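Enquirer: Handing you a structure now.
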Amino acid sequence: MSSTRLVPLLGATVRRQRHLRELSQRELAELTGVSQAAVARIESGDRAPSILVLERLLAAMDVQLAVGVEPLDAHLDARIAELAARPLAERIDELGLDRALDRLADFPQVITGGTAALLQGAPVPVDALEIAVRWHDSERFTRWLEAAYGQRWNARWGEFGGVRLEPEQQGEHVWSTRYGEIRATMCDELPETIEVRHAGRGYRVVPLAQLELTDPRAGDLLRRYRARQLASGR
């Protein structure tokens, strides 16, 4: 694994452990004698922590780093294999998809990204509901986010909150809400969709072929899944 990939992975690990213990970055900094700015840069992947600093951060949260090696991207291949072995209905329920969609009726939107791939049967990792929203509806989207106690991802600090909710404001289009995380692609017009049905419910989703062409993140995962299928002779 190259250092360019290891640094954000280490940062994500520190952030995840901090969130589990309900610590702020300032509180973690005070526990370890590291500045809050340094904690923020480490968590966002902008700074490679020294082994000493990393051990201090983790020890303050009663955990320690375990070191191992694996083939490149083996963790991702293993995750895809694990998802492929699970029922699709179980994966949909785990995401809490219906709960969020039932409350997104205030403005038009369609399902895209990894969520659309999931609903079409692809065993790709999904950690947020991904939707496409028109810029024309951005004000209604913002009002919905306010009602849903939304907090926008703050890339500078590596956590949710501290930046304006509005999608027109500069920053990543990722929000934490009371219904789970939402990732939005803002567009002039909604993309063409197809309908897929699960458990008697219809979902409007961007087709897989279109995702591969227009969504780099989902496209990479879909191509990786297809390559695994070809390699196994399926």
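The values are calculated or read from the model by the stated rules, or taken from the named source; none is laboratory data. Everything numeric in this text was worked out from a predicted model, so none of it was measured. Because the Cβ atoms are built from the backbone with ideal geometry, glycine has one as well, and the counts that use them run over all protein chains shown.
Enquirer: Hey, can you tell me all the residues within the range 29-44 that are crowded, with 16+ Cβ neighbours inside 10 Å, more than 23 Å from the chain's Cα centre (by Cα) and of a type outside the set (A, V, I, L, M)?
Expert: 32
One line per residue, one yes/no per condition, for (1) more than 13 Å from the chain's Cα centre (by Cα); (2) modelled with pLDDT under 90:
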site	(1), (2)
168	yes, no
175	no, no
183	no, no
190	yes, no
198	yes, no
208	yes, no
218	no, yes
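Enquirer: Where the second residue is loosely packed, with under 11 Cβ neighbours inside 10 Å and of a type in the set (A, V, I, L, M) and the first is touching a residue at least 12 places away in the same chain (Cβ under 8 Å) and lies in the range 74-102, which pairs have Cβ atoms under 7 Å and are six or more apart or on separate chains?
Expert: Close Cβ pairs (under 7 Å, with a partner that is loosely packed, with under 11 Cβ neighbours inside 10 Å and of a type in the set (A, V, I, L, M)) amount to 89/199.
Enquirer: Looking at the range 35-47 only, could you name the residues that are aliphatic (A, V, I, L, M) and more than 17 Å from residue 64 (Cα to Cα)?
Expert: Taking the range 35-47 and keeping what is aliphatic (A, V, I, L, M), we get 37-40, 42.
Of everything in the range 35-47, those that are aliphatic (A, V, I, L, M) and more than 17 Å from residue 64 (Cα to Cα) turn out to be 37, 38, 40.
Enquirer: State whether one or more residues within the range 108-127 are among the charged types (D, E, K, R), farther than 22 Å from residue 217 by Cα and modelled with pLDDT under 90.
Expert: Residues of the range 108-127 that are among the charged types (D, E, K, R), as a first pass: 127.
Subset that is farther than 22 Å from residue 217 by Cα: none.
No, the range 108-127 contains no residue that is among the charged types (D, E, K, R), farther than 22 Å from residue 217 by Cα and modelled with pLDDT under 90.
Enquirer: Inspect the range 147-170 for any residue being more than 30 Å from residue 24 (Cβ to Cβ) and in contact with a Gly (Cβ under 6 Å, 6 or more places away or on another chain) and give the result as yes or no. Spell out the reasoning first.
Expert: Initial filter on the range 147-170 (more than 30 Å from residue 24 (Cβ to Cβ)): none.
Looking through the range 147-170, none of the residues is more than 30 Å from residue 24 (Cβ to Cβ) and in contact with a Gly (Cβ under 6 Å, 6 or more places away or on another chain).
Enquirer: I want to confirm something. Restricting to the range 83-101 and keeping residues that are part of a helix (DSSP H, G or I) and within 17 Å of residue 177 (Cα to Cα), which single residue is nearest to the chain's Cα centre (by Cα)?
Expert: Initially, the range 83-101 is screened for residues part of a helix (DSSP H, G or I), giving 83-84, 88-95, 97-101.
So of that shortlist, the ones also within 17 Å of residue 177 (Cα to Cα) come out as 94-95, 97-101.
Working: 94: 14, 95: 11, 97: 14, 98: 18, 99: 18, 100: 15, 101: 17 Å.
Checked the range 83-101; the qualifying residue nearest to the chain's Cα centre (by Cα) is 95.
Enquirer: Starting from residues that are in a loop (DSSP other than H, G, I, E, B) and polar (S, T, N, Q), keep the ones in the range 102-151 and report whichever is surrounded by the most Cβ atoms within 10 Å (Cβ to Cβ). Talk me through it step by step, then tell me what you get.
Expert: Let us first name the residues in the range 102-151 that are in a loop (DSSP other than H, G, I, E, B), namely 102-109, 112, 120-128, 148-150.
Next, only the ones that are polar (S, T, N, Q) stay: 109, 112, 120.
Working: 109: 22, 112: 28, 120: 19.
Applying the filter and picking the extreme gives 112.
Enquirer: Ok, one more. Could you check, for the range 171-181, whether at least one of its residues is hydroxyl-bearing (Ser, Thr, Tyr) and closer than 15 Å to residue 120 by Cβ?
Expert: Taking the range 171-181 and keeping what is hydroxyl-bearing (Ser, Thr, Tyr), we get 176-177, 179.
Next cut, closer than 15 Å to residue 120 by Cβ only: none.
Looking through the range 171-181, none of the residues is hydroxyl-bearing (Ser, Thr, Tyr) and closer than 15 Å to residue 120 by Cβ.
Enquirer: In the range 1-15, what residues are surrounded by 13 or more Cβ atoms within 10 Å (Cβ to Cβ) and modelled with pLDDT under 90? Quick ask: steps written out before the conclusion?
Expert: Narrowing the range 1-15 to residues surrounded by 13 or more Cβ atoms within 10 Å (Cβ to Cβ): 1, 7-8, 10-15.
Once the filter is applied, which keeps residues that are surrounded by 13 or more Cβ atoms within 10 Å (Cβ to Cβ) and modelled with pLDDT under 90, the range 1-15 yields 1, 7, 8, 10, 11, 12, 13, 15.
Enquirer: Which one of 18, 47, 26, 56 is surrounded by 14 or more Cβ atoms within 10 Å (Cβ to Cβ) and closer than 30 Å to residue 145 by Cα?
Expert: Being surrounded by 14 or more Cβ atoms within 10 Å (Cβ to Cβ) and closer than 30 Å to residue 145 by Cα holds for just one of 18, 47, 26, 56, which is 18.
Enquirer: Which of the residues that make up the range 187-227 are among the charged types (D, E, K, R), surrounded by fewer than 16 Cβ atoms within 10 Å (Cβ to Cβ) and farther than 16 Å from residue 110 by Cα?
Expert: Initially, the range 187-227 is screened for residues among the charged types (D, E, K, R), giving 188-189, 192, 195, 197, 201, 204, 212, 215, 217, 220, 223-224, 226.
From what is left, the residues that are surrounded by fewer than 16 Cβ atoms within 10 Å (Cβ to Cβ) are 188-189, 192, 195, 197, 201, 217, 220, 223-224, 226.
Once the filter is applied, which keeps residues that are among the charged types (D, E, K, R), surrounded by fewer than 16 Cβ atoms within 10 Å (Cβ to Cβ) and farther than 16 Å from residue 110 by Cα, the range 187-227 yields 217, 220, 223, 224, 226.
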